[in-house]
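*Asks:* Here it is, the structure in full.
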Amino acid sequence: MTDLLFTIYPWVKSLHIMAVISWMAGLFYLPRLYVYHVEKAQKVEGAETIFFEMEEKLLRVIMRPAMYVAWLCGLIMVFTPGIVGWDWSWPWIKGAAVIGMTWFHHWLMARRRDFLEGRNKLTGRQFRIMNEVPTVLMVIIVLAVVVKF
């Protein structure tokens, strides 16, 4: 099993990076869609339906599969012997930030349900502020992995 993990490691790491890029693109874009949904959808007839479809496709077709692949590949890499030393602080910091990123993903899904049910109470400004969450988490993750603090 160890030989297999070492053999597939470069492929798993490559797939992990591609999935993370796709997931992050969605995490950056969806809150921006919510800003426009709040601020513009009511001003143009039929626009809300378009926003609903764009948000749903982004979540279901891009973000969710990318998150699953990123997690799966990340876990495979974690279980590859010699890759992660659990006595180091960086894997714990990265892990906490990835859990935070996953929480944010689910928070965005809950906000979509609010829109669908007509219960959204957040403003465009509040969504703009929340749009910074994935950036902060990304900085923490990249620094933890590259600098290994």
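*Asks:* Could you please report the charge total around Trp88, scoring K, R as +1 and D, E as -1 over all other residues with beta-carbon less than 11 angstrom from its beta-carbon?
*Replies:* Summing Lys/Arg as +1 and Asp/Glu as -1 gives +1.
*Asks:* Quick one: 3J(HN,Hα) in Hz for segment 113-119, Karplus 6.51/-1.76/1.60 with θ = phi - 60°, rounded, Gly and Pro as x.
*Replies:* Couplings: 4, 4, 4, 4, 8, x, 10 Hz.
*Asks:* Here's a follow-up. I want to verify a result. In a Gaussian network model of the chain, Cα cutoff 10 Å, which of these has the top mean-square fluctuation: Val44, Val20, Val69?
*Replies:* Comparing Val44, Val20, Val69 in the GNM, the peak value goes to Val44.
*Asks:* Let me ask another. Taking the Cα centre of each part, how many Å lie between segment 88-146 and segment 18-81?
*Replies:* Using only Cα atoms, the two centres lie 11 Å from each other.
*Asks:* Which net charge results for the neighbourhood of Val133, defined as the other residues with beta-carbon distances under 15 angstrom from its beta-carbon, given Lys and Arg at +1 and Asp and Glu at -1?
*Replies:* Around Val133, the surrounding residues sum to +3.
*Asks:* Give the dimensionless ratio obtained when the Cα radius of gyration of the chain is divided by 2.2 N^0.38 Å.
*Replies:* Computed over Cα atoms of the chain, the ratio equals 1.21.
*Asks:* A further question follows. May I ask you to derive the FRET efficiency for Ile17 and Trp88 from their Cβ-Cβ distance with R0 = 22 Å, giving the value to the nearest 0.05? Walk me through the intermediate numbers first.
*Replies:* Details: r = 21 Å, r/R0 = 0.94.
Using R0 = 22 Å, I get an efficiency of 0.60.
*Asks:* Could I ask something else about it? Tally Lys/Arg at +1 and Asp/Glu at -1 over every other residue whose Cβ is under 9 Å from the Cβ of Leu30; what's the total?
*Replies:* Local charge sum for Leu30: +2.
*Asks:* Among the lysines, which fall within straight-line cross-link reach of Lys40, defined as a Cα-Cα distance under 29 Å, with same-chain neighbours fewer than 8 residues apart omitted?
*Replies:* Straight-distance partners of Lys40: Lys57, Lys121.
No lab work stands behind these numbers, since they all come straight from the coordinates. All values derive from a computational prediction rather than experimental measurement. Quick reminder, even Gly has a Cβ in these numbers, built from the backbone with ideal geometry, and neighbours come from all protein chains shown.
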